[in-house]
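Here you go, one structure.
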Amino acid sequence: MTTTPPPPQVVGPAGAGARTGSGDVAATLRATKKRLTSPWATFAAVVLAVLWTIPTFGLLVTSFRPAADINATGWWTVLTSPNFTLENYQTVMAVDSSQSLLPFIINSVVITIPSVVLPIFLATLAAYSFAWMQFRGRDALFVAVFALQVVPIQVTLIPLLSLYADIGVAGTFWAVWISHTMFGLPLAVFLLHNFMREIPGELIEAARVDGAGHVTVFFRLMLPLLKPALAAFGIYQFLWVWNDLLVALTFAGSSNQVAPMTVALFNLTGTRGSQWFLLSAGAFVSIIVPALVFLSLQRYFVRGLLAGSVKG
Amino acid sequence: MNVADKLVAMVLALVAFAAVIGLVLLVVSLLERRGVRRVAWFFVGPTVVLLLIGLVYPAGRTVVRSLYDAAGTSFIGLSNYTAVFSSPDQLVVLRNTVLWVLVTPVVATVVGLLYAIWVNGARGEAAAKALIFLPMAISFVGASIIWKFVYEYRFYDPTVANNPAQIGLLNQLLVWVGLPPQQFLLNQPWNNLFLIVVMIWIQAGFAMTILSAAIKAIPGEIVEAARLDGVTASEMFRFVTVPAIRPTLVVVLTTIAIGCLKVFDIVRTMTGGLYGTSVVANEFYTQSFTAGNQGLGAALAVLLFILVIPIIVYNVRQLRRAEAR
């Protein structure tokens, strides 16, 4: 966009009449603005929004219908004969029931928190040294860490599985925590490093001259300044771990001891004669958490989104 | 383990982690007080060790493994790779992967771009965008369940009058217009497209968000000038909007393409890769964990690796270019 746009010569049909000067321009602007947000565009946008929302809405309505109704009639029949219940959610969240998904929800929480905290902290330390410390091979090492983002996790799964079996953590939370931490590190280091480089060097130099060690600078100066970047990566990693199926399926197995919600729901879809009353309520219990996180922290999330797009 | 045990295990893990890191940092500050300048490795060391164990070493092992047979006992050279490109089953997998990578990015980007333009500056723009974007926050498993319900099929016999009611919306729509309901996830090869719809549904929000930001970053003078020139909406789109956001468009397309190469959850949840719907990432899982052919599984994982690299390199370059503007 280096070319200068030509000066406006034609003011458009609306300005061709008796009015002159700025009035023409304003009228045209109004007219164009109107044209660009035309009723057709609005109509098309509404149609698309409805199309995009109906599938979710259908399952949401279903999750509040009695199990017998779900299999007998379509969810849209609630418009004519409404019949709602909280039973499905009670079944899913029951403390003692064979159909309860509560253990898996707990597992999801237990898996997710360390899987977000560990890579954030390790990566912040590493990013700090890449950004503000001198050591031999620093730049080459940073490029290597950055490049590791291209490794698809599929190529790591089987060797890691036998490694975990050798050290006796296979099928435990540790295997899942460590895996998510390792897979999250390249992106985290890259994101946080970029952000740290934007902090003025004089700030760190001044603190160093005052006799502050790297540890002090890291805690007193860096962590507070890094909040937005930490939030961006934290939300990204949270959604990634919470929604992950492949890592959990490989390292956590299927039992309700370790497996998260995604695995439980996945196994339910495989059972014969889909149990929609469980699936619909379970799906929404698992959806509500990331949806709330997303809606409340949207601005941070969008920032991390593009940078993290090659992960996985 | 009951709930309390699990939570305690988690807290203990976090405490143990904090203790280790605290100890390392304590050592660093003690060393620094003694005038030792070379403390960088304490900061970067844990990450480097974890990456070596978690990514570099396993990737190397998998490459070697792909040169061995199913049991991993005898060296068979590139036979696993020739199998990927010659056996009829694997060719279907490759065909499906190509279909995913070509169709999804284009459709998702077009939908996202149009929507971004339609709602740009409109009243309630933020809410309108959130509706389209929300599928991004839903897990692929959750999205698959949502769509599986849309595609749900109930037995239908055209010769009798009282068939059971369809509970899937799409089949009910077919019944309403007088057509027979379909087994959308079973009928080959169209079932692949119905799986791809799920990915489009998810990724359109991503495309819309990124492209909307790019559209808003177009300098106001350019847009105003074009408006004063009296361009129509479609001219504005062709000669102003698209050229201005071209680098971002490329990044969005390639990013979604990478996601499609690695797509696993959707295929696994909706069809398990049966009925001719498998893709490379799913076939890797099937061969490695259920079919017991780890050699072929490893070759598929390496293939995924090789396919992803050029797109990512291109993507990163475009991303740099987009950011430089």
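The values are calculated or read from the model by the stated rules, or taken from the named source; none is laboratory data. Computed from a prediction, not measured in an experiment: that's the story for all the values here. Note that we place each Cβ from the backbone using ideal geometry, even for glycine, and neighbour counts take in every protein chain shown.
Give the residue, chosen from B:Ala108, B:Ala130, B:Ala126, that is crowded, with 21+ Cβ neighbours inside 10 Å, closer than 24 Å to B:Val251 by Cα and hydrophobic (A, V, I, L, M, F, W, C). Lay out the reasoning, then the answer.
Numbers: B:Ala130 fails: crowded, with 21+ Cβ neighbours inside 10 Å; B:Ala126 fails: crowded, with 21+ Cβ neighbours inside 10 Å.
One residue alone meets the criteria, B:Ala108.
Among the listed residues A:Leu191, A:Leu187, A:Leu148, A:Leu161, which satisfies the condition of being of a type in the set (A, V, I, L, M, F, W, C), over 20 Å from the mean Cα position of the chain (by Cα), part of a helix (DSSP H, G or I) and more than 7 Å from every other protein chain (Cβ to nearest Cβ)? Break it down stepwise before answering.
Values: A:Leu191 fails: over 20 Å from the mean Cα position of the chain (by Cα); A:Leu187 fails: over 20 Å from the mean Cα position of the chain (by Cα); A:Leu148 fails: more than 7 Å from every other protein chain (Cβ to nearest Cβ).
Among A:Leu191, A:Leu187, A:Leu148, A:Leu161, only A:Leu161 is of a type in the set (A, V, I, L, M, F, W, C), over 20 Å from the mean Cα position of the chain (by Cα), part of a helix (DSSP H, G or I) and more than 7 Å from every other protein chain (Cβ to nearest Cβ).
Might you let me know whether the range A:61-77 holds any residue that is in contact with a Phe, Trp or Tyr (Cβ under 8 Å, 6 or more places away or on another chain) and at positive phi?
no
Then there's this: Has the range A:112-126 got any residue that is over 25 Å from the mean Cα position of the chain (by Cα) and under 30 Å from B:Ile311 (Cβ atoms)? I'd like the intermediate steps shown before the answer.
Taking the range A:112-126 first, the residues over 25 Å from the mean Cα position of the chain (by Cα) are none.
No.
Then there's this: Which residues, counting only those in the range B:152-180, are part of a helix (DSSP H, G or I), touching a helix residue (DSSP H, G or I) at 6+ places or on another chain (Cβ under 8 Å) and surrounded by fewer than 23 Cβ atoms within 10 Å (Cβ to Cβ)?
We begin by selecting, within the range B:152-180, every residue part of a helix (DSSP H, G or I); these are B:169-176.
Adding the requirement that they be touching a helix residue (DSSP H, G or I) at 6+ places or on another chain (Cβ under 8 Å) leaves B:169-172.
Of everything in the range B:152-180, those that are part of a helix (DSSP H, G or I), touching a helix residue (DSSP H, G or I) at 6+ places or on another chain (Cβ under 8 Å) and surrounded by fewer than 23 Cβ atoms within 10 Å (Cβ to Cβ) turn out to be B:Leu169, B:Leu170, B:Gln172.
Continuing with this model, one more query. Could you list, in sequence order, all residues of the range A:68-93 that are part of a helix (DSSP H, G or I), more than 9 Å from every other protein chain (Cβ to nearest Cβ) and surrounded by fewer than 16 Cβ atoms within 10 Å (Cβ to Cβ)? Break it down into steps so the answer makes sense when it comes.
Going residue by residue through the range A:68-93, those that are part of a helix (DSSP H, G or I) are A:68-72, A:75-79, A:87-93.
In the following step, the residues that additionally are more than 9 Å from every other protein chain (Cβ to nearest Cβ) were identified as A:68-69, A:78-79, A:87-93.
Those that are part of a helix (DSSP H, G or I), more than 9 Å from every other protein chain (Cβ to nearest Cβ) and surrounded by fewer than 16 Cβ atoms within 10 Å (Cβ to Cβ): A:Ala68, A:Leu79, A:Glu87, A:Gln90.
So, one more: From the list A:Asp166, A:Asp139, A:Asp96, which residue is outside any helix (DSSP H, G or I), among the acidic types (Asp, Glu) and modelled with pLDDT under 95?
The unique qualifying residue is A:Asp96.
Ok, one more. Would a scan of the range A:118-126 turn up a residue that is at pLDDT below 90 and hydroxyl-bearing (Ser, Thr, Tyr)? Full working, then the answer.
As a first pass, look at the range A:118-126 and keep what is at pLDDT below 90: none.
No, the conditions are met nowhere in the range A:118-126.
Within the range B:14-61, take every residue that is within 7 Å of chain A (Cβ to nearest Cβ) and either in contact (Cβ under 8 Å) with a residue 60 or more places away in the chain or not in a helix (DSSP H, G or I) (or both) and give me the one that is nearest to the chain's Cα centre (by Cα).
Filtering first and then ranking leaves B:Ala59.
For the range B:238-267, how many residues are part of a helix (DSSP H, G or I), in contact (Cβ under 8 Å) with a residue 24 or more places away in the chain and facing chain A (nearest Cβ under 10 Å)? Before the answer, list the steps.
Initially, the range B:238-267 is screened for residues part of a helix (DSSP H, G or I), giving B:238-261, B:265-267.
Still in the list and also in contact (Cβ under 8 Å) with a residue 24 or more places away in the chain: B:241, B:244-245, B:247-261, B:265-267.
From the residues that got through so far, the ones that are facing chain A (nearest Cβ under 10 Å) too are B:244, B:248, B:251-252, B:254-256, B:258-259, B:261, B:265-266.
So the answer is 12.
Condition check ((1) under 17 Å from the mean Cα position of the chain (by Cα); (2) surrounded by 17 or more Cβ atoms within 10 Å (Cβ to Cβ); (3) in the same structural domain as B:Trp201 (by TED's automatic domain parsing); (4) modelled with pLDDT of 90 or more) across all residues:
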site: B:Glu235; (1), (2), (3), (4): no, no, yes, no
site: B:Arg238; (1), (2), (3), (4): no, no, yes, no
site: B:Ala244; (1), (2), (3), (4): no, yes, yes, no
site: B:Thr248; (1), (2), (3), (4): no, yes, yes, no
site: B:Met270; (1), (2), (3), (4): yes, yes, yes, yes
site: B:Gly276; (1), (2), (3), (4): no, yes, yes, yes
site: B:Val279; (1), (2), (3), (4): yes, yes, yes, yes
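Spot the failing condition for A:Thr250; the list is (1) modelled with pLDDT under 85; (2) among the hydroxyl-bearing types (Ser, Thr, Tyr); (3) touching a helix residue (DSSP H, G or I) at 6+ places or on another chain (Cβ under 7 Å), and only one is missed.
It fails just one condition, (1).
Right, next: If I filter the range B:186-202 for residues that are in contact with a helix residue (DSSP H, G or I) (Cβ under 8 Å, 6 or more places away or on another chain) and without any contact (Cβ under 8 Å) to a residue 12 or more places away in the chain, do I get at least one hit? Give the derivation first.
Pass one, the range B:186-202, residues in contact with a helix residue (DSSP H, G or I) (Cβ under 8 Å, 6 or more places away or on another chain): B:192-202.
So of that shortlist, the ones also without any contact (Cβ under 8 Å) to a residue 12 or more places away in the chain come out as none.
Checked against the condition, which is being in contact with a helix residue (DSSP H, G or I) (Cβ under 8 Å, 6 or more places away or on another chain) and without any contact (Cβ under 8 Å) to a residue 12 or more places away in the chain, the range B:186-202 yields no hits at all.
How about the range A:267-280: which of its residues are buried (at least 24 other Cβ atoms within 10 Å of the Cβ) and within 11 Å of chain B (Cβ to nearest Cβ)?
Of all residues in the range A:267-280, those buried (at least 24 other Cβ atoms within 10 Å of the Cβ) come to A:276-277, A:279-280.
A:Trp276, A:Leu279, A:Ser280 - these are the residues of the range A:267-280 that are buried (at least 24 other Cβ atoms within 10 Å of the Cβ) and within 11 Å of chain B (Cβ to nearest Cβ).
Being more than 10 Å from chain A (Cβ to nearest Cβ) and of a type in the set (A, V, I, L, M): is that true of B:Val177 here?
Details: more than 10 Å from chain A (Cβ to nearest Cβ): yes; of a type in the set (A, V, I, L, M): yes.
When the stated conditions are applied, B:Val177 passes them.
Results for (1) at the interface with another protein chain (Cβ under 9 Å from one of its Cβ atoms); (2) more than 19 Å from the chain's Cα centre (by Cα), shown as yes or no for each residue.
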{"residue": "A:Gln154", "(1), (2)": "yes, yes"}
{"residue": "A:Gly168", "(1), (2)": "no, yes"}
{"residue": "A:Leu203", "(1), (2)": "no, yes"}
{"residue": "A:Arg208", "(1), (2)": "no, yes"}
{"residue": "A:Ala212", "(1), (2)": "no, yes"}
{"residue": "A:Met222", "(1), (2)": "no, yes"}
{"residue": "A:Lys227", "(1), (2)": "no, no"}
{"residue": "A:Ser254", "(1), (2)": "no, yes"}
{"residue": "A:Pro260", "(1), (2)": "no, no"}
